[in-house]
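Presented below is the structure to which this report refers.
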Amino acid sequence: MTKVALTLTVNGELHEVLTEPHRSLLDVLRTDLGLTGTKENCLEAECGVCTVLVDGAAVNSCILLAAECPGRAITTIEGLGGPDGLHPLQQAFIDHGAVQCGYCIPGMILSAKAFLDEHPAPTEAEVREALAGNLCRCTGYQKIADAVLAAARRLMADRGASGEALHGARSSSG
Amino acid sequence: MTTETRVVGKSLPRLDASGKVTGTAVYAADFALPGMLWGKIVRSSEPHARIARIDTERARRMPGVRAVLTAADVPDVRYGGALKDETVFARDKVRYVGQPVAAVAAVTAEAAEAAAAAVEVSYEPLPPVLDLAAALAPGAPLVHEDWRTYTAIPILHRDGNVCNRARIVTGDVERGWAEADRVFAHRFTTAMVHQGYTEPRAAVAAWDSAGQVTVWSNTQLPFEIQNTLAEILQVLPGCVRVIVPGIGGGFGGKLRVGVEHFAVLLARKAGRPVKVLTTSEEELTAAYPRQGTLIELKTGVTRDGRITAKEGRIWFDTGAFAGSGPGVASVATLVLAGPYRIPNLFLEGYAVYTNKTNCGSYRAPSGPQANFAVESQMDMIADALGLDPLEFRLRNIVREGDEGPTGQTLTAVGLEECLLRAAKAIGWENRKPGPWRGKGLACGWWTTTGGSSGVYVKINPDGTVGLNTGAVEIGTAALTGAAQILAEELGVNLADIHVVSADTFATPFDFGAQGSRTAFAVGNACRAAVAELKRKILAQAAAHLRVEPEALALRDRHVVADGTRVSLGEVARLSQLSGGGLIAHGTFIAPPTPYDAKRVEAHVYPAFHSPSFHAHAVDLSVDPETGDITIHRYVVAQDVGFAVNPTYIEGQIEGGVAQGLGQALSEEIVYAGGRVLNANLTDYKMPTTVDVPRVESILVQHPSQVGPYGAKGVGEPPNIEPPAALANAVAAASEVRVMTLPLTAEKIALALRGRERA
């Protein structure tokens, strides 16, 4: 099959990939770029472990073609937080005991990130609705919901401290 | 011993948390090697058929294909647990849809898939045995016509399609019926369900030139896989190294060899590393799910609510191979007895072959099915006698020093406290708080599985501590719990412990991540290691400080004496200069639980070790139109002995309840004509964030005599009671008694319609 050259922006870095046009973003992230923090399971967008952010929105990378992604900003779990420390969501998942086997956690955290970017002060019911596409078989979701709510509070406090207006945060991520 | 602890009993964050939230933790499914091929399995399309012909020629010639295997290419070996009836590939005939017939390896997963599809298999269909009734009918076709020739542990009682009948007989049920004022008989069924781990089963295998193979897999039992692979390959176990890089859930589904043997055999044939990863379809058609069951229970009671006798039978549809069936059927009889004082028992568990996928073990194997029947019937009897279900239970539950069903002496029995605290928390005094709303409860008991554990504990030159264990961190944080015990005893902090685990060549033996045993057994092995290590540390430090070893203690990462101290790191450095470093080997095996051998027959699991006790209570509403259930509150009181890390025990309870609610309300692998109808995660309905209520955990602590600090196994129990608790609450809310799992809204609504018509 004819290969296509793709330039993918992943976690702020440009990657040149020469690949068949029918391959999923998940496959390219894991196999070609070695970014195995994005997990693989059902390959039918049913479980959510492969969730990444594309231009800030949470998507199932198993059913998104890599060839559709040039020019879009892709964020994987490796791109959250950084050498200086963990993202507040990552820290909250640790603090609340929300991690067990951990296989669903990268996707769960990225779904939560996309959601909190648009809904900085959610209720628990809203958090649960937002994460309904991410299956977790270990935790029963309670500590995950607690962690996301705690992270939301901390992000709000951080924004308050930096003087950023709440409505500004809302509109900036649309 | 002082009751004040620094590390155990504290809700400290797990040691592997940051790798898991940053995506740096490597799971078996992530593992890859240079030059690695992809393996794919060709699976049977027929439930029961003779294989007329397998043609692999077209597949072999396809681009990128490096190996094709059928039964003709591998040793003719039958392997298995208690009963050796499995083969790598079907030979001569297939016994379920999904049974491996051939395997291919190719340079990409896609090429392997295409080649697998190109393997041509011709079948001559045979009459299939599609369910328990068909398997048990007189003159039923035999799933294994040569069953008598199979190797099995000698105690099994086998007969045709029955691959074990385990039995408990205590007292005389006839006398019990005579003493009873009323006798109740009921029948229950439960569906086949899948563990639902989010990481597929995965294995990468690579051979070296010396004929040694290394397998990186997400197995729960690396040491058992080492032996099974050696058996399959007909090599010595010393040639097989199994490493578990990381595991994305297992719940019992990753106990037995899953894809490791395919990876190993394909890699040998191709001369290159091979990776095999299952699909969701393979998981739901050809894995090791929980058996569907049929349960019949007959219970005699006096007018004042004392149980005089119980006769019970549970039949497990174990599929085309025994899998865990013979053992699960045995465990089930202890669950059928229930945590009750019953003088006369006649209990049988049957594992039955059918032409379905091979069933295995799933968190508390047999627990939810048998408990659903027992605890549903307890409520039905209480209602018939006009007794409060809590009161009826309290009149019959086991208490300290009582005898278990097979004669074991029960100690550290926290059941009454569990029942009373769960009932109080749910507001039991007001059991029907409104129309279509009701509360239910269920209780049970479970084991802390034995098996031995070994650890090496090493002091690093910086004073940190290496914990080297053959155990698998399956996700429960059990190894963080063991590390807390180690840190407590060595006078260091949890963060000072570095864990290396699950490598059959490099780590000491461990019986594996099964049976709620890891924190319990590895924790005790750590204590044993510290006892030895402490002698070495103190001797080294005493020589350095010029004091008697007896004057020294381990505290705050130091060896301290009156007015002087030396750091653990310094002691380790001194030992490295002179004595090969500070290391100790600690081991643990739970002492056997005495029982009365005359009461059991063909029983693989005759007593529960360091048993735990638990009660679940739920408050819910039933929608009278749709049958939908809304759970308002869910309370669990579990006797954990001692809470090594309360946060992660809550995590076990919350997760176990969620999984139990799935089995109770929505999950079922649906078979029709020997084929699974819902082999995908949309139609196999596991609970999501919006389906699971908040769970309130009450940690009851009646310390066990054997467990570290009194701990008991905690991982499996929360999965046991949800179906029964739900069924009892639904009955309280709607007066509909559903006796089949899953307890779907459809079943409730149909029952309500039926009642309207009546």
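The values are calculated or read from the model by the stated rules, or taken from the named source; none is laboratory data. Quick caveat, the model's predicted, so the values are computed rather than measured. Cβ coordinates were reconstructed from backbone atoms using ideal geometry, including for glycine residues, and neighbour counts include every protein chain displayed.
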task: Report, by residue number, each residue of segment A:76-110 that is small (Gly, Ala, Ser), free of Cβ contacts under 8 Å to residues at least 12 places away in the same chain and more than 7 Å from chain B (Cβ to nearest Cβ).
output: A:Gly82, A:Gly85
The one condition in (1) more than 23 Å from B:Thr87 (Cβ to Cβ); (2) touching a residue at least 60 places away in the same chain (Cβ under 8 Å); (3) away from chain A (no Cβ under 14 Å); (4) not in a helix (DSSP H, G or I) that B:Arg175 fails to fulfil: (4)
- prompt: Could you say whether any residue in segment B:573-585 is in a loop (DSSP other than H, G, I, E, B) and surrounded by 13 or more Cβ atoms within 10 Å (Cβ to Cβ)?
  reply: yes
message: Quick check on segment B:636-661: of everything there that is under 14 Å from B:Ile720 (Cα atoms) and of a type in the set (A, V, I, L, M), which residue is nearest to the other protein chains (Cβ to nearest Cβ)?
response: B:Ala658
- prompt: Does at least one position in segment B:156-170 carry a residue that is within 30 Å of B:Gly250 (Cα to Cα), surrounded by fewer than 24 Cβ atoms within 10 Å (Cβ to Cβ), within 14 Å of another protein chain (Cβ to nearest Cβ) and touching a residue at least 40 places away in the same chain (Cβ under 8 Å)?
  reply: no
message: Checking the condition surrounded by fewer than 20 Cβ atoms within 10 Å (Cβ to Cβ), out of contact with any Lys or Arg (no Cβ under 7 Å at 6 or more places or on another chain) and either within 27 Å of B:Ser330 (Cβ to Cβ) or at pLDDT 95 or above (or both), which residue from B:Glu375, B:Glu403 passes?
response: B:Glu403
query: Does B:Lys747 fit the bill of being part of a loop (DSSP other than H, G, I, E, B) and surrounded by fewer than 22 Cβ atoms within 10 Å (Cβ to Cβ)?
result: no
query: Does B:Leu479 satisfy being touching a residue at least 40 places away in the same chain (Cβ under 8 Å), over 22 Å from the mean Cα position of the chain (by Cα), at negative phi and in a helix (DSSP H, G or I)?
result: no
- request: Go through segment B:514-552 and give me each residue that's outside any helix (DSSP H, G or I) and exposed (fewer than 15 other Cβ atoms within 10 Å of the Cβ).
  value: B:Arg546, B:Glu548
message: Tell me yes or no: at least one residue of segment A:20-39 is farther than 22 Å from A:Leu116 by Cβ, free of Cβ contacts under 8 Å to residues at least 40 places away in the same chain, of a type in the set (A, V, I, L, M) and touching a His at 6+ places or on another chain (Cβ under 7 Å).
response: yes
- prompt: When you scan segment B:1-88 for strands (runs of 3 or more DSSP E) that lie fully inside it, which ones turn up with 2 or more residues that are within 14 Å of another protein chain (Cβ to nearest Cβ)?
  reply: B:37-43
- prompt: Before we move on, is B:Lys712 more than 14 Å from chain A (Cβ to nearest Cβ), under 26 Å from A:Tyr141 (Cβ atoms), part of a loop (DSSP other than H, G, I, E, B) and at pLDDT 95 or above?
  reply: yes
query: Filter segment B:652-673 for residues that are β-branched (Val, Ile, Thr) and under 17 Å from B:Glu283 (Cα atoms); which is nearest to the chain's Cα centre (by Cα)?
result: B:Ile669
- prompt: If you take the residues in segment A:136-164 that are surrounded by fewer than 19 Cβ atoms within 10 Å (Cβ to Cβ) and part of a loop (DSSP other than H, G, I, E, B), which one is farthest from the other protein chains (Cβ to nearest Cβ)?
  reply: A:Gly163
statement: Exception for B:Ile474 within (1) out of contact with any Cys (no Cβ under 7 Å at 6 or more places or on another chain); (2) in a loop (DSSP other than H, G, I, E, B) falls at (1)
query: Mind checking which residues of segment B:71-86 are of a type outside the set (Asp, Glu) and either closer than 14 Å to B:Ile54 by Cβ or touching a Ser or Thr at 6+ places or on another chain (Cβ under 8 Å) (or both)?
result: B:Ala71, B:Ala72, B:Val74, B:Val77, B:Arg78, B:Tyr79, B:Gly81, B:Leu83, B:Lys84
- prompt: When A:Gly133 is evaluated against the numbered criteria (1) more than 7 Å from chain B (Cβ to nearest Cβ); (2) small (Gly, Ala, Ser); (3) over 23 Å from B:Leu15 (Cα atoms); (4) out of contact with any strand residue (DSSP E or B) (no Cβ under 8 Å at 6 or more places or on another chain), which criterion, by number, is the only one it fails?
  reply: (4)
field: Conditions (1) touching a strand residue (DSSP E or B) at 6+ places or on another chain (Cβ under 8 Å); (2) assigned to a helix (DSSP H, G or I); (3) within 23 Å of B:Gln540 (Cα to Cα); (4) of a type outside the set (Val, Ile, Thr); number of the one not met by B:Glu488
entry: (1)
- request: Out of B:Leu83, B:Leu15, B:Leu33, report the one residue that is at pLDDT 95 or above, surrounded by 23 or more Cβ atoms within 10 Å (Cβ to Cβ) and among the aliphatic types (A, V, I, L, M).
  value: B:Leu83
- request: Determine which member of the set B:Val204, B:Val215, B:Val242 is crowded, with 24+ Cβ neighbours inside 10 Å, over 30 Å from B:Glu403 (Cα atoms), among the β-branched types (Val, Ile, Thr) and within 14 Å of another protein chain (Cβ to nearest Cβ).
  value: B:Val204
query: Considering segment B:316-344 alone, what residues qualify as being part of a strand (DSSP E or B) and either at pLDDT below 95 or crowded, with 24+ Cβ neighbours inside 10 Å (or both)?
result: B:Phe316, B:Asp317, B:Thr318, B:Gly319
One residue from B:Ala102, B:Ala82, B:Ala152, B:Ala137 being among the hydrophobic types (A, V, I, L, M, F, W, C) and more than 23 Å from B:Glu348 (Cα to Cα): B:Ala102
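One line per residue, one yes/no per condition, for (1) over 24 Å from B:Asn493 (Cβ atoms); (2) crowded, with 17+ Cβ neighbours inside 10 Å; (3) modelled with pLDDT of 95 or more:
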| site | (1), (2), (3) |
| --- | --- |
| B:Leu568 | no, yes, yes |
| B:Pro594 | yes, no, yes |
| B:Lys598 | yes, no, yes |
| B:Ala602 | yes, yes, yes |
| B:Ala607 | yes, yes, yes |
| B:Ser610 | yes, yes, yes |
| B:Phe613 | yes, yes, yes |
